[in-house]
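Below you'll find the structure, written out as structure tokens, and then a few comments.
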Amino acid sequence: MVKVAVLGAAGGIGQPLSLLLKLNQNVDELSLFDVVNVPGVGADLSHINSDSETKSFLPSSKEDKTALASALSGSNLVIIPAGIPRKPGMTRDDLFNINAGIIKGLAEGIAENAPKAFVLVISNPVNSTVPIVAETLKQKGVYDPARLFGVTTLDIVRANTFISQLFPKESKPSDFNINVIGGHSGETIVPLYSQGNSKAFYDKLSEEQKKELIRRVQFGGDEVVQAKGGAGSATLSMAYAGYRLAESILKALSSSEDIIECTYLNLDSSIKGASEAKELVGGLDFFSLPVKLGKNGIAEVKYEILNKISDDEKKLLAVAKEQLSGNISKGVSFATK
Ligand code: NAD
Ligand code: LMR
């Protein structure tokens with residue numbers, strides 16, 4: 001019996017993400033929570049003849065905590081796309097003041113009602129919202145770092161698509177699975193094109209083309225924000241990316257295959273390979289890296305890739321580390337003040 005809860009289910013990401021989850025054969029119960037419009041989304045999805053049951057939960061007032069409690073109770077996996085998106089001219093950090101409070105409240109609900117769930121955080125700024133969730137769960141005494149995932153999958157999806165677009169005759173986007181490490185905003189996003197099957201293509205690019213490609217991955221979110229002209233940020237590609245990570249985590253519950261995904265995680269020494277990773281990233285507590293998934297969440301951090309990065313990628317990482325450090329402290333201070 002697998003129950004998945006989506007917090008922010010009536011939003012731009014929440015709706016298509018919930019649709020994809022409704023189609024997943026591994027999901028038995030889909031639990032939709034939002035502060036607006038969620039009964040309609042739930043009624044609509046509930047007519048789809050996939051085998052899972054859909055329920056929706058709308059609080060009756062700001063003080064009502066029972067709807068969130070019912071939505072979360074018994075959940076194995078919780079995905080959070082709740083919060084405001086960017087408009088042109090904004091950075092992800094500009095969302096902090098509003099989204100930090102939303103995330104903290106939802107993390108408290110998770111601690112009280114679904115303390116063993118895998119928690120996937122989509123809400124921006126991810127570099128800071130994930131530390132907020134970690135600290136909140138710690139304060140409630142239910143924190144397991146192997147079960148907390150910052151969703152950076154959209155950066156991998158973009159990295160795969162964008163390199164393929166440069167080699168349309170020789171490649172397809174689905175040929176690639178680029179490791180993108182660091183964080184999820186601007187220069188904290190570091191795609192490792194110099195490793196794996198992208199290397200042969202990447203090496204054919206001029207220095208200028210390489211810079212442009214990396215910048216496109218780092219600022220891919222801005223392309224969508226500009227194109228939507230004030231109506232929000234990436235929703236459909238994000239729903240796909242969030243679903244990919246959720247699907248992999250659910251698959252790992254019943255599979256003996258190696259399932260690897262990049263995620264922004266807490267480099268806590270209780271996770272295999274995390275101490276080695278932490279040392280290689282200058283002591284940062286949170287960082288996105290490929291991880292092996294298992295029945296209990298993150299089974300192992302694949303830190304070895306950090307020993308193979310090119311000199312150019314080392315320079316990108318130095319910038320990423322500096323920015324991440326501030327983003328992480330901001331989240332921790334907010335949650336512990
Ligand atoms: P949206 O405004 O369309 O939807 C957000 C939803 O959250 C709304 O339905 C809103 O009612 C709901 N919400 C607000 N407060 C809530 C609360 N306390 N509890 C439950 N629900 C609540 O926004 P969106 O486009 O879906 O984006 C959501 C978030 O995801 C933004 O912060 C955005 O920046 C982020 N995002 C992250 C990535 C990523 O790669 N991690 C990609 C795209 C967007
Ligand atoms: C993205 O990368 O598309 C998201 O983080 C949304 C944004 O604000 O760009």
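The values are calculated or read from the model by the stated rules, or taken from the named source; none is laboratory data. Given the structure is predicted, the values throughout are model-derived calculations rather than measurements. Glycine also receives a Cβ, built like all others from the backbone with ideal geometry; neighbour counts cover every protein chain displayed.
A few comments on the model shown:
- Filter result for the condition that a residue is closer than 21 Å to Gly105 by Cβ, at pLDDT 95 or above and crowded, with 22+ Cβ neighbours inside 10 Å, over Leu17, Leu30, Leu58, Leu21: Leu17
- Ser269 being at pLDDT 95 or above and surrounded by 20 or more Cβ atoms within 10 Å (Cβ to Cβ): no
- Leu324 vs. criteria of a type in the set (A, V, I, L, M, F, W, C), farther than 21 Å from Ala117 by Cβ, touching a residue at least 60 places away in the same chain (Cβ under 8 Å) and in contact with a Leu (Cβ under 7 Å, 6 or more places away or on another chain): yes
- Within region 162-269, helices (runs of 4 or more DSSP H) holding 2 or more residues that are within 12 Å of ligand 2 (Cβ to nearest atom): 207-218, 220-228, 236-252
- Region 282-295, residues that are in contact with a strand residue (DSSP E or B) (Cβ under 9 Å, 6 or more places away or on another chain) and surrounded by fewer than 22 Cβ atoms within 10 Å (Cβ to Cβ): Asp285, Pro290, Lys292, Gly294
- Every listed requirement among (1) free of Cβ contacts under 8 Å to residues at least 40 places away in the same chain; (2) away from ligand 2 (no atom under 16 Å from the Cβ) is met by Leu95 save one, (2).
- The sole residue among Pro81, Pro131, Pro88 that is under 23 Å from Cys262 (Cα atoms), in contact with a helix residue (DSSP H, G or I) (Cβ under 6 Å, 6 or more places away or on another chain), within 16 Å of ligand 2 (Cβ to nearest atom) and not small (Gly, Ala, Ser) is Pro81.
- For region 71-81, the criterion of being out of contact with any Lys or Arg (no Cβ under 7 Å at 6 or more places or on another chain) and assigned to a helix (DSSP H, G or I) is met by at least one residue.
- Test result for Ile98, more than 24 Å from Ala320 (Cβ to Cβ) and part of a loop (DSSP other than H, G, I, E, B): no
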